[in-house]
Amino acid sequence: MNRKQEEKLKGGLSALLGENSAPSEEKPAGGQPQQQQLIDGVQDKELRALLEEKRKEHLGRPKKDTKHLSRTEGYERMTTIVNTEKMEKLKAIALRETKTIKEVMEEVMDLAIEAYERKHGPIKVRKSKDKGIFK
């Protein structure tokens, strides 16, 4: 990260997490979503604008006469249980990098798979045959 980028992010993470990096147990005030509260706490105006733009990117109903592109095409849904402290750190990373948790997790999985394959060789996977139930 160069000097200019560091200056741009100055105050970003510390503003999000406060001087103490321990997660707060407080609930959002006035029904305001926690993510919005974190964004409002960022001191850097440019970073706050980027975070706000990213948050609003996929909100609302798609416009009429536009083709809806699935954000999950080529993906599978998964449910898992995660350590609370690690999840909070992951959320902070995603917010700081203006990415979704899905994007950050994909990068983490890519790194893990790459390291595993470097050590143990390529992983062979079967291609799924999605023909439906009655075909």
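Each value in this text was obtained by applying a stated rule to the coordinates, not by laboratory testing. This is a predicted model, so every value here is computed, not measured. When we count neighbours, we look across all protein chains shown, and the Cβ atoms used for this are built from the backbone with ideal geometry, even at glycine.
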### Task
Work out the FRET efficiency for GLN37 and LYS124 from their Cβ-Cβ distance, taking R0 = 41 Å, and round it to the nearest 0.05.
0.35
#### Entry: Two-decimal Rg to Rh for region 35-124 - Kirkwood Rh, Cα set
1.05
